[in-house]
Amino acid sequence: LLNAISDGHGGWRIADADARLLGGRLRLEGARDRRGHWSLDARLAGADLAAHPAAAGLGVTGALNAALQLRSRGEGPAGAGWIALRRGLVWELPLLSDLVAALGLAAGQGDLVRQARGQFHLEAGRLSFTDLHLRGTPLSLWGRGDIAFASGEVNVDMVPRLMEGMTGDLPLVGEPTQLLLDLVGGAAVQVRVRGTMDAPQLRADPLPLF
């Protein structure tokens with residue numbers, strides 16, 4: 001990585017840097033000029049979520065690929081990117097675990113996210129994501145929204161779907177919740193998540209048709 005950094009004209013440049021992160025390959029390109037303006041492009045391939053120190057306590061695993069483009073802005077960094085996950089155990093992550101609990105379901109070791117992909121933007125201290133698609137068991141979902149870094153404020157909408165063919169063999173915790181019964185009955189439901197990451201508040205509403 002150090003060999004890929006060069007100085008000159010009051011700034012620096014990173015060209016074709018190659019490093020390891022979470023067991024995967026991290027490629028970096030970047031620059032900073034004499035006025036302090038900077039940019040950084042990163043691409044991660046073949047990473048394993050289980051290699052993250054925080055993953056051990058949650059039992060989180062999965063094959064991760066991602067890309068990120070960051071630029072300097074007056075109010076802070078801004079950028080965009082995408083993330084893709086295959087065969088992941090991620091139901092214990094924040095918001096996903098809250099949704100599973102609201103449905104009255106239990107996600108075990110065999111409940112994998114077969115595929116997930118989403119696009120995101122970073123600006124003014126907020127992470128915004130659009131078109132987050134997640135396919136797996138015991139459910140699939142589509143989501144969008146934003147999260148504030150400093151306060152942890154959450155403004156996220158998710159549309160859950162039960163996997164076809166498994167409605168008669170759902171991993172229930174206690175009695176079925178009304179939200180789960182609505183989904184089993186074929187209703188289109190939108191789950192709104194507000195509050196903060198530490199204390200999220202979930203509310204289910206009928207999905208608007210328009």
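Here the calculated FRET efficiency for Arg194 and Leu22, from their Cβ-Cβ distance with R0 = 41 Å, stands at 0.85, rounded to the nearest 0.05.
Quote the FRET efficiency, to the nearest 0.05, computed for Ala150 versus Ala84 with a Förster distance R0 of 25 Å and r equal to the Cβ-Cβ distance. Taking R0 as 25 Å, the efficiency between Ala150 and Ala84 is 0.35. Full extension of the chain segment joining Asp157 with Gln69 gains 29.2 nm, where the gain is 0.36 nm per residue of separation less the Cα-Cα distance. A full extension of the chain between Arg34 and Arg126 corresponds to an added length of 30.4 nm, given 0.36 nm per residue minus the alpha carbon distance.
Every number here is computed from the coordinates shown, using simple stated rules; none is lab data. Small disclaimer: the values here were computed from a predicted structure and weren't measured. All Cβ positions, glycine included, derive from the backbone under ideal geometry; neighbour counts span all protein chains shown.
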